[in-house]
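To start, the structure itself, in structure tokens.
The values are calculated or read from the model by the stated rules, or taken from the named source; none is laboratory data. A quick note: this is a predicted structure, and the numbers were derived from the prediction, not measured. Don't worry about glycine lacking a Cβ; one is built from the backbone with ideal geometry, like all the others, and counts go over all protein chains shown.
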Amino acid sequence: MVRIAHFADTHVGYKQYNLDEREKDIYDALDEIGDKILEEHVDIVVHCGDLFDSPRPTPQAYRAFKRFLAKLDGKAKVFAVLGDHDRPKSRGVAPHVLFEDQMQILGVGGCAEHQQVKIGGRDVLIAGLSNLSRAYRPLLLEELKKLAGLQLNGALGVLLLHEGVDKFLPYEGAFELCLDEIPRNFGYVAMGHLHQRIKASVGEGELAYPGSSEIISRTEISGWQKSGKGFYVVDLEGDDVEVRDVNLECIRPQVEAKLTYAHLEIGLGELVKKLDGMTKLPLVHVVVEGKGVDRQGVHKTLTRALAGVALSFRPEVVEESEVRLPELRAGSFNVGQVIQDYFKDEKVAGLALELWRHLRVGESDEAERVADEYFEKVKAA
Ligand SMILES: [Mn+2]
């Protein structure tokens, strides 16, 4: 049997809401992953992209990953592909190259790569293609076709990718690949990019997204509540593939609350009770809805009530007059399609869709990054 630890989207260096504690939370998650990987006695470790939050990590982020690799201390072979966050923007090298004597980076520059390793007498073929954006879909498909034609000759096949697959993004249309475009000759297709945990079958094998290792965005809260955050341990034995969740204990809780302005104190009392006794001080997302809301007053009340029971809170005030429900028929709504119809131009629609995904949850830093990246592309063209 060959045992693999599969993780992705660690976003090391990310500092949610510019809070020092959140930057440290991400390092803590990486530390715990390292500890738990050691407990599992894995042969191979694969990271499927967005290891770092940026192609130019801070020294602290580098140090956190250095500590992770030192922990493994050559006990497992480490492979990685680059994600959209940590691949270099134009010319230049990925931050991973600093560690290239301890890990292999696969499929950089739009060229899929594979290599064979021997684990306890078994041949394992590890293939990978680093992230290519939707704009390079033809190249992506061409490379995947080459991988699909690989002869495994009895070796266990593992494929590493960092892309969005349509089946798991039904409303947004922001995918790079369709499920049936994934090569079917690999026993395990290790994915990165989507931050929720997903498992599916493809061909004879299994495909899985381990999700992000911490809660990177507010949209991940429900997924975290349902299936936790962490990584996968994958056991490969002949045609049998077993994928098991390993959840982290250090995740900082995030709570969403909706309060009415008229009954703010009562609602807050209940919220505070709910927050009491959590392992780490939670991050709280509060929506206050009502008429003629005194925003400053609300902020003061929240600050007073949540001091000591929350790390920080993100307030949002919704005036009752602003609450308008759009008339949409059930099942007919696809944000990607609406945006596409409005803008006509595919590239502009792509930009708008990405901005929408971030801005609807208040991720203005992320939106800025997307806008900068788009601008750089336009400038280069
Ligand atoms: Mn990504």
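Conditions first: (1) over 15 Å from E214 (Cα atoms); (2) buried (at least 19 other Cβ atoms within 10 Å of the Cβ). Y27 passes all but one, so which condition is the exception? Of (1) over 15 Å from E214 (Cα atoms); (2) buried (at least 19 other Cβ atoms within 10 Å of the Cβ), only one is false for Y27: (1).
Scanning the stretch 125-137 for residues that are modelled with pLDDT of 95 or more and either more than 16 Å from the ligand (Cβ to nearest atom) or farther than 17 Å from D50 by Cβ (or both) returns L125, I126, A127.
Restricting the first member to the stretch 267-280 and to residues that are free of Cβ contacts under 8 Å to residues at least 12 places away in the same chain, and the second to residues that are part of a helix (DSSP H, G or I), no beta-carbon pair is closer than 6 Å while six or more apart or on different chains. The set of residues in the stretch 155-194 that are surrounded by fewer than 24 Cβ atoms within 10 Å (Cβ to Cβ) and under 13 Å from the mean Cα position of the chain (by Cα) comprises G164, L194. Can you find, within the stretch 117-154, the residue that is farthest from G164 (Cα to Cα) among those that are exposed (fewer than 14 other Cβ atoms within 10 Å of the Cβ) and of a type in the set (S, T, N, Q)? Only one residue fits best here, namely N153. When the strands (runs of 3 or more DSSP E) confined to the stretch 1-81 are screened for residues that are within 16 Å of the ligand (Cβ to nearest atom), those reaching at least 2 such residues are found at 2-7, 44-47.
Answer yes if at least one residue in the stretch 162-180 is closer than 27 Å to G238 by Cα and of a type in the set (G, A, S), and no otherwise. No, there is no match, as no residue in the stretch 162-180 is closer than 27 Å to G238 by Cα and of a type in the set (G, A, S). Residues that are acidic (D, E), in contact with a helix residue (DSSP H, G or I) (Cβ under 8 Å, 6 or more places away or on another chain) and within 16 Å of the ligand (Cβ to nearest atom) number at least 1 in none of the strands (runs of 3 or more DSSP E) confined to the stretch 169-278.
Among the residues of the stretch 82-93, some residue qualifies, meaning at least one is surrounded by fewer than 19 Cβ atoms within 10 Å (Cβ to Cβ), away from the ligand (no atom under 16 Å from the Cβ) and under 23 Å from the mean Cα position of the chain (by Cα). Residue under question is L147, and the condition is that it be out of contact with any Phe, Trp or Tyr (no Cβ under 7 Å at 6 or more places or on another chain), within 15 Å of the ligand (Cβ to nearest atom) and modelled with pLDDT of 95 or more; does it hold? So L147 fails the test. Applying the set (1) without any contact (Cβ under 8 Å) to a residue 12 or more places away in the chain; (2) buried (at least 18 other Cβ atoms within 10 Å of the Cβ) to L259 leaves exactly one unmet item: (1).
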